[in-house]
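Colleague: Once you've had a glance at the structure underneath, I'll fire off some questions.
The values are calculated or read from the model by the stated rules, or taken from the named source; none is laboratory data. Note that this is a predicted model, so its numbers are computed, not measured. As a convention, Cβ positions derive from the backbone with ideal geometry for all residues, glycine included, and neighbour counts pool all protein chains shown. Heavy atoms of the whole protein, side chains included, go into the accessibility calculation; ligands, DNA and RNA do not. Shrake-Rupley method; radii C 1.70, N 1.55, O 1.52, S 1.80 Å.
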Amino acid sequence: MQARFIGFGEVEIDGQRFTDDLVIIHGTIHKRDKGPSKPKKDRFGHTPLSAKEAIPWDCRKLIIGTGAYGKLPVMKKVYKAAEKKGVELVVVPTEKACELLSGADPATTNAILHITC
């Protein structure tokens, strides 16, 4: 899988461009469902990543792209869940997340990519 951060609001994965937040599970791309995290929006200023979302824990490494400027809040319960499940959590701005995702083994690496902020 080749992932590239185009700029604020856009990434390219294997030649296809996306403008929505994404969840990548074993190489398959899905739109992120932020609904379960929306009640926390007022607390953080925008929708964070919470443990209530369908996080793809079936992996050894989970890469979380926190946006163009690294502003996506990742709630503490996500970190705790990763530790409990034995999943390496890599939380970095989306540009770096795309670099890490490119060439990563999709059998062992999943990702959540925030495309804006």
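Colleague: Restricting to the stretch 99-114, name every residue that is surrounded by 24 or more Cβ atoms within 10 Å (Cβ to Cβ) and part of a strand (DSSP E or B). If you could, list the steps in order and put the result at the bottom.
Modeller: Here is the first cut: in the stretch 99-114, the ones surrounded by 24 or more Cβ atoms within 10 Å (Cβ to Cβ) are 101, 110-114.
Those that are surrounded by 24 or more Cβ atoms within 10 Å (Cβ to Cβ) and part of a strand (DSSP E or B): N110, A111, I112, L113, H114.
Colleague: Limited to the stretch 71-95, what total is found for residues that are of a type outside the set (V, I, T), in contact with a Ser or Thr (Cβ under 9 Å, 6 or more places away or on another chain) and crowded, with 16+ Cβ neighbours inside 10 Å?
Modeller: Number satisfying all stated conditions: 4.
Colleague: Then there's this: Kindly indicate which of D33, D21 is surrounded by 13 or more Cβ atoms within 10 Å (Cβ to Cβ) and on the phi < 0 side of the Ramachandran plot.
Modeller: Checking each option against the conditions leaves just D21.
Colleague: Just a yes or no: is a residue in the stretch 71-86 at pLDDT below 95 and part of a helix (DSSP H, G or I)?
Modeller: Checking the stretch 71-86: not a single residue is at pLDDT below 95 and part of a helix (DSSP H, G or I).
Colleague: When F8 is evaluated against the numbered criteria (1) surrounded by fewer than 16 Cβ atoms within 10 Å (Cβ to Cβ); (2) in contact with a Lys or Arg (Cβ under 8 Å, 6 or more places away or on another chain); (3) closer than 14 Å to T116 by Cα, which criterion, by number, is the only one it fails?
Modeller: So the condition that F8 fails would be (2).
Colleague: Would you point out the residue of the stretch 43-56, among those that are open to solvent by 20 Å² or more (accessible area, probe 1.4 Å) and more than 12 Å from the chain's Cα centre (by Cα), that is farthest from G27 (Cα to Cα)?
Modeller: Checked the stretch 43-56; the qualifying residue farthest from G27 (Cα to Cα) is R43.
Conditions tested, residue by residue: (1) open to solvent by less than 90 Å² (accessible area, probe 1.4 Å); (2) in contact (Cβ under 8 Å) with a residue 40 or more places away in the chain; (3) of a type in the set (K, R).
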{"residue": "G27", "(1), (2), (3)": "yes, yes, no"}
{"residue": "K40", "(1), (2), (3)": "yes, no, yes"}
{"residue": "K61", "(1), (2), (3)": "yes, yes, yes"}
{"residue": "Y69", "(1), (2), (3)": "no, yes, no"}
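Colleague: Continuing with this model, one more query. All but one of (1) at pLDDT 95 or above; (2) assigned to a loop (DSSP other than H, G, I, E, B) hold for H46, so report the exception by its number.
Modeller: Only one criterion is unmet by H46, namely (1).
Colleague: Find the residue count for the stretch 44-70, including only residues that are under 10 Å from T94 (Cα atoms) and out of contact with any Pro (no Cβ under 9 Å at 6 or more places or on another chain).
Modeller: Number of matching residues: 2.
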